[in-house]
Structures are given as structure tokens and as C-alpha cells.
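K.L.:
Following this message is one structure expressed as C-alpha cells.
The values are calculated or read from the model by the stated rules, or taken from the named source; none is laboratory data. Being a predicted model, the structure only gives us computed values, none of them experimental. Using ideal geometry, Cβ is built from the backbone for each residue, glycine included, and neighbour counts are taken over all protein chains shown. Just the protein is used for accessible areas: all its heavy atoms, side chains included, with ligands, DNA and RNA removed. Shrake-Rupley method; radii C 1.70, N 1.55, O 1.52, S 1.80 Å.
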Amino acid sequence: LREHLGTEHGIVLNFPAYREHDPAVGAVTCFPPGLKENGGIFCHANTWAVVAEALLGRGDRAFEHYRSFLPAAKNDTADHYTMEPYVYSQFITGKEHPSFGRARNSWLTGTAAWGFVAITQYILGVRADYDGLSIAPAIPSKWDGYEMKRVFRGATYDIRVRNPHHVCSGVASLKVDGKSIATPYVPPAAPGSTVTVEVEMGSNRPA
């Protein structure tokens with residue numbers, strides 16, 4: 001994926017793009033190379049690659065993919081990007097198009113919802129599970145850590161993650177209200193309560 005599809009503006013859907021109309025393939029071959037479904041960068045689909053890299057524990061790569069299509073990261077190239085910096089576009093023109101990196105069709109996408117899922121539940125790694133709240137970060141190795149607040153089943157969780165060894169993934173220790181627990185799940189607390197969760201990343205125990 002990184003070698004053939006990845007670019008500084010996101011991951012293209014296919015490469016190489018179709019150059020001629022192929023009735024057996026369909027409408028995708030009608031678009032110019034690098035535009036829309038024919039080798040374009042569909043932002044919605046890019047979020048799933050972020051999720052996949054995070055599940056593999058590759059936090060550096062997950063965040064690299066996330067930033068590549070992030071509107072707020074395009075401020076220095078806004079004249080070429082040509083889209084509002086506060087909203088995702090449906091697609092960005094791919095590397096085989098003369099206007100590579102130009103965004104099109106703002107608002108017409110499900111990227112915002114899936115982008116939120118990708119960054120909070122998979123890069124930051126805090127997601128709901130049947131057995132409790134799962135804490136499985138996959139962050140850039142240069143991060144010292146992060147803090148977040150999560151409401152889960154009526155309780156509020158104040159989560160502090162430290163990354164002293166600058167790894168991308170793995171949980172060395174997990175404490176709930178000061179007590180160490182041996183599972184990667186924070187058990188559900190009583191509705192209305194506040195829980196303090198302390199996580200230290202490392203390679204001692206996989207998340």
C-alpha cells in the first residue's frame with residue numbers, strides 16, 4: 001500500500017489508473033487518470049487504512065496516513081488545495097492527475113465520522129468493548145503520551161497515557177484508580193462515577 005498507493009496527499013484507490021474506457025470494468029474507466037474513482041484519493045476510504053495500521057501497532061504509519069488527507073494540515077498549500085480547512089472533501093486528485101493534491105466536493109463524504117473513529121478509537125486506542133473500555137494506543141513514537149476524557153456507560157474516565165520509551169504500541173502497565181490490573185480492559189464503573197486510568201506504554205505486555 002505504501003509503495004504503490006500512498007502519497008503525501010493520501011492513498012489512491014488504484015494504481016495505475018485506467019487510460020481507456022473498458023465496458024467490462026464500468027464507469028470508473030470513464031474518468032481521467034487520477035480523478036474520482038480512477039486513481040483518485042477518496043478520503044472516506046483512507047480512514048480504514050489508518051485503522052488497519054493502528055491495529056497492526058504501527059502508530060507512526062497510522063498517523064502519517066491520517067495527516068496526509070487532513071484538511072487542517074493543508075494550510076501551507078491552501079491555494080492549491082482549494083478547499084475549506086475545516087471540512088473534509090470527498091476526494092483529492094491522485095498522483096496521475098495534472099492537479100495532484102487538489103480537493104473536490106467538500107461535505108459530500110462520511111470522512112468526518114470515520115476520521116473521528118480512526119483517531120480516537122484506534123490511534124489513541126480508547127474504544128468500547130463488551131468487557132469494558134479497551135486501551136490500545138497506536139501513536140507516533142515521538143509522542144510523550146496524551147490525555148483524554150471518555151464517557152462510557154454513564155461513567156467518566158480520565159485517561160493519562162505515558163510513552164517514556166517512545167514506542168508506537170503496547171501497554172506495559174495499566175492502573176485503574178491507582179490499582180494495577182492485568183487485562184487490557186478497564187471494567188465498567190457505576191454510572192455517574194469518575195475513574196482515573198493510568199497507562200504506561202511499552203513492550204512488556206501487548207495491548
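K.L.:
List, please: which pairs have Cβ atoms under 7 Å, are six or more places apart or on different chains, and start with a residue in the stretch 178-191 that is over 19 Å from ALA138 (Cα atoms) and end with one that is part of a loop (DSSP other than H, G, I, E, B) and among the small types (Gly, Ala, Ser)?
P.N.:
Qualifying pairs under 7 Å: PRO191/GLY154.
K.L.:
Shifting gears a bit: In the stretch 57-74, which residue that is over 15 Å from GLY6 (Cβ atoms) and in contact (Cβ under 8 Å) with a residue 40 or more places away in the chain is least open to solvent (accessible area, probe 1.4 Å)?
P.N.:
GLY59
K.L.:
Quick one: how many residues across the stretch 75-108 are in a loop (DSSP other than H, G, I, E, B), of a type in the set (Ser, Thr, Tyr) and surrounded by fewer than 20 Cβ atoms within 10 Å (Cβ to Cβ)?
P.N.:
3
K.L.:
Moving on. Return the total of residues in the stretch 94-122 being within 23 Å of ALA78 (Cβ to Cβ), aromatic (Phe, Trp, Tyr) and touching a residue at least 60 places away in the same chain (Cβ under 8 Å).
P.N.:
1
K.L.:
Another question about this same structure. Which residue is most open to solvent (accessible area, probe 1.4 Å), if the candidates are limited to the stretch 109-128 and must be closer than 26 Å to GLY39 by Cα and out of contact with any Ser or Thr (no Cβ under 8 Å at 6 or more places or on another chain)?
P.N.:
The extreme case among them is PHE116.
K.L.:
Next up: How many of the residues making up the stretch 166-189 are in a loop (DSSP other than H, G, I, E, B), over 16 Å from ARG127 (Cβ atoms) and open to solvent by less than 60 Å² (accessible area, probe 1.4 Å)?
P.N.:
Residues that pass the stated criteria total 6.
K.L.:
Do the conditions hold for ARG162, that is, is it without any contact (Cβ under 8 Å) to a residue 12 or more places away in the chain, surrounded by 15 or more Cβ atoms within 10 Å (Cβ to Cβ) and on the phi < 0 side of the Ramachandran plot?
P.N.:
It is false that ARG162 is without any contact (Cβ under 8 Å) to a residue 12 or more places away in the chain, surrounded by 15 or more Cβ atoms within 10 Å (Cβ to Cβ) and on the phi < 0 side of the Ramachandran plot.
K.L.:
Another question, if that's okay. Restricting to the stretch 1-27, what's the tally of residues that are without any contact (Cβ under 8 Å) to a residue 12 or more places away in the chain and touching an Asp or Glu at 6+ places or on another chain (Cβ under 9 Å)?
P.N.:
1
K.L.:
Now a separate question. Based on this model, can you work out whether GLY34 counts as of a type outside the set (A, V, I, L, M), crowded, with 17+ Cβ neighbours inside 10 Å and closer than 21 Å to ARG102 by Cα?
P.N.:
yes
K.L.:
Determine whether the stretch 7-15 contains at least one residue that is of a type in the set (D, E, K, R) and under 18 Å from ARG102 (Cβ atoms). If you could, list the steps in order and put the result at the bottom.
P.N.:
At the first step, the residues of the stretch 7-15 found to be of a type in the set (D, E, K, R) are 8.
Now narrow it down to the ones that are under 18 Å from ARG102 (Cβ atoms): 8.
Yes, some residue in the stretch 7-15 is of a type in the set (D, E, K, R) and under 18 Å from ARG102 (Cβ atoms).
K.L.:
May I pose another question? VAL51 is checked against (1) open to solvent by 30 Å² or more (accessible area, probe 1.4 Å); (2) modelled with pLDDT of 95 or more; (3) of a type in the set (A, V, I, L, M, F, W, C) and fails just one. What number does that condition carry?
P.N.:
Only one criterion is unmet by VAL51, namely (1).
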